[in-house]
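The values are calculated or read from the model by the stated rules, or taken from the named source; none is laboratory data. Keep in mind that this is a model prediction, so the values were computed, not measured. Note: ideal-geometry Cβ built from the backbone for every residue, glycine included; neighbour counts use all protein chains shown.
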Amino acid sequence: MTPQEYRKIRPGARVWSLRPLRNGHFEVPPGAEGTVTFKRSGLDVRFDRCDTCGVRPLVSRIPAGHLSAQTRGRAGVTHRVQWHIDRYGVRGSLVCDAPEGAECRMGCPSGCESWPCDHQPEDQGECQILPWIDNSEVVDCYVGERAPVRDGPIVLEWTGEGYDWSYPA
């Protein structure tokens, strides 16, 4: 989160954790979503309920650089990566959380191959970007700097032939 974004943050704002965060009892993983409850020397954030243990941890005095403002609806922030591990290895899958009418869901109702076209775009009912990245290619399409594997928001980038992705800076 930039200093400009930090100044705009108010209690009630939604944020993502960019790295593991700890209070005296719990660790919140990167990519966890929460709500700012108080702002002083850092931010106090009440994180959403954990699917595994059901706890809603509160972490206090989080530096701005450890969070990202949750701006669903802006290009690149409505998409996230999820990692899965089993005895066959680690696999990633990309998820779109964009609401109806978001840019990534829009397409030509006439099925034109080129975009944009002369027709009024319509919501296609699902993300039109993620089909360009097969879930078996999630690792191959990563173009960011070396980073720990973590669930969380991603930035998508058109290459001229398809999409690549990286973690937000």
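What's the total number of residues in the range 134-156 that are more than 14 Å from the chain's Cα centre (by Cα) and assigned to a strand (DSSP E or B)?
Initially, the range 134-156 is screened for residues more than 14 Å from the chain's Cα centre (by Cα), giving 134-148.
Subset that is assigned to a strand (DSSP E or B): 142.
Summing the residues that are more than 14 Å from the chain's Cα centre (by Cα) and assigned to a strand (DSSP E or B) in the range 134-156 gives 1.
Residues of the range 136-150 that are surrounded by 12 or more Cβ atoms within 10 Å (Cβ to Cβ) and either touching a Pro at 6+ places or on another chain (Cβ under 8 Å) or not aliphatic (A, V, I, L, M) (or both): E137, C141, Y142, G144, R150. Residue count for the range 82-108, restricted to those that are part of a strand (DSSP E or B), free of Cβ contacts under 8 Å to residues at least 24 places away in the same chain and small (G, A, S): 2.
Over 29 Å from V138 (Cβ atoms), loosely packed, with under 15 Cβ neighbours inside 10 Å, in contact with a helix residue (DSSP H, G or I) (Cβ under 9 Å, 6 or more places away or on another chain) and modelled with pLDDT under 80 - does that describe any residue in the range 3-22? Yes, the conditions are met somewhere in the range 3-22.
When the residues of the range 35-80 are filtered to those that are of a type in the set (G, A, S) and within 30 Å of M106 (Cβ to Cβ), the one that is modelled with the highest pLDDT is S68.
Which residues, counting only those in the range 120-133, are surrounded by fewer than 13 Cβ atoms within 10 Å (Cβ to Cβ), outside any helix (DSSP H, G or I) and modelled with pLDDT under 90? Correct list: Q120 only.
Screening the range 107-119 for residues that are over 23 Å from S166 (Cβ atoms) and touching a strand residue (DSSP E or B) at 6+ places or on another chain (Cβ under 9 Å) and picking the one that is surrounded by the fewest Cβ atoms within 10 Å (Cβ to Cβ) gives P109. Scanning the range 90-102 for residues that are charged (D, E, K, R) and either surrounded by 14 or more Cβ atoms within 10 Å (Cβ to Cβ) or at pLDDT 85 or above (or both) yields R91, D97.
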